[in-house]
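What follows is a set of notes on a single structure, which appears directly below.
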Amino acid sequence: MTAIKIHGMQPSTFTRTVRMACHEKGIDYELIQTPPGDGVRALNPFGKIPAITHGDFVLYESAAILRYLDRSFAGPKLWPDEARAAALVDQWVAAISDSLLHSAQFYMATRFKLLTFPPGMAQKFFDRTREILPAFERQLGATRFLAGEGVSAADLSFAPIFAYFPDVPELKALADTMPNCQRWAGEIAQRSSFKMTEPAFKPQLAA
């Protein structure tokens, strides 16, 4: 019997984060293609994906889901046991879910016509991305992975977003100036969790 059911969409970055976590930890799962909005509202009152079901247990918000998977299943740890090391993972997961979401991911949403924002917001999202990404570049110049020397929930949160940068010319140009991010992305791309969750279809740039 499949242990976990993930309700989300292949192209969704946060859905991919949860799927990558399952692969990293060796957790059997089923992906149930579920779009955001009314289709998932019975599981998540905010209408966002992903959500998971584990028996009769329902959980949403990707960071909470990753924490649950890490605490409930054997396999490589996504958070270290030591308090300060774990706090650094939390710090980067939060930065991705806040600062990177409200810059790079929202900019992608405008370029793929997935969301509509008031005029001028796309440029603000891009400008904010240019401010935010150097922090990731500096960190990955200091450590092999985002929160230390081993893969953690922080990397699984960042990887699906950064994977879309090459699909948007101006984001690709920005990423190309970040050699540490590129080195990290190349290493992450070799992991089976990344390869096994490559979306079969992706949103296309608006004309």
Check: Which members of region 1-34 meet the condition of being surrounded by fewer than 15 Cβ atoms within 10 Å (Cβ to Cβ) and modelled with pLDDT of 95 or more?
Finding: GLY26, ASP28, GLU30, GLN33
Item checked: Residue list for region 148-162, restricted to those being more than 15 Å from LYS77 (Cα to Cα) and either touching a residue at least 60 places away in the same chain (Cβ under 8 Å) or touching a Gly at 6+ places or on another chain (Cβ under 8 Å) (or both) -> PHE158, ALA159, PRO160, ILE161
Next item on the list: Inspect region 122-129 for any residue being out of contact with any Ser or Thr (no Cβ under 8 Å at 6 or more places or on another chain), charged (D, E, K, R) and more than 26 Å from LYS172 (Cα to Cα) and give the result as yes or no.
Entry: no
Checklist line | So ALA83, is it closer than 12 Å to PHE158 by Cα and either surrounded by fewer than 17 Cβ atoms within 10 Å (Cβ to Cβ) or outside the structural domain of ARG67 (by TED's automatic domain parsing) (or both) | finding: no
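For region 112-130: of the residues being within 19 Å of the chain's Cα centre (by Cα) and of a type outside the set (A, V, I, L, M), which is surrounded by the most Cβ atoms within 10 Å (Cβ to Cβ)?
THR129
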Notebook entry, point to check: Mind checking which residues of region 55-77 are closer than 17 Å to TYR29 by Cα, in contact with a helix residue (DSSP H, G or I) (Cβ under 9 Å, 6 or more places away or on another chain) and of a type in the set (A, V, I, L, M, F, W, C)?
Noted result: PHE57, LEU59, ILE65, LEU66, LEU69, PHE73, ALA74
Next item on the list: Filter region 163-202 down to the residues that are closer than 13 Å to THR129 by Cβ and touching a residue at least 60 places away in the same chain (Cβ under 8 Å), then identify the one that is surrounded by the most Cβ atoms within 10 Å (Cβ to Cβ).
Entry: PHE165
Margin query: Would you confirm, using the coordinates I've provided, whether GLU61 is under 14 Å from LYS5 (Cα atoms), outside the structural domain of GLY148 (by TED's automatic domain parsing) and in contact with a strand residue (DSSP E or B) (Cβ under 9 Å, 6 or more places away or on another chain)?
Written below: no
Next item on the list: Please work out which residue is nearest to PHE158 (Cα to Cα), limiting yourself to region 18-40 and to residues that are more than 16 Å from the chain's Cα centre (by Cα) and charged (D, E, K, R).
Entry: LYS25
Check: Residue check, LEU205 against (1) within 18 Å of PHE125 (Cβ to Cβ); (2) surrounded by 15 or more Cβ atoms within 10 Å (Cβ to Cβ), all met but one. Which one?
Finding: (2)
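The values are calculated or read from the model by the stated rules, or taken from the named source; none is laboratory data. Just so it is clear, the structure is predicted and the values come from calculations on it, not from any experiment. So basically every Cβ, Gly included, is an ideal-geometry build from the backbone, and we count neighbours across all protein chains shown.
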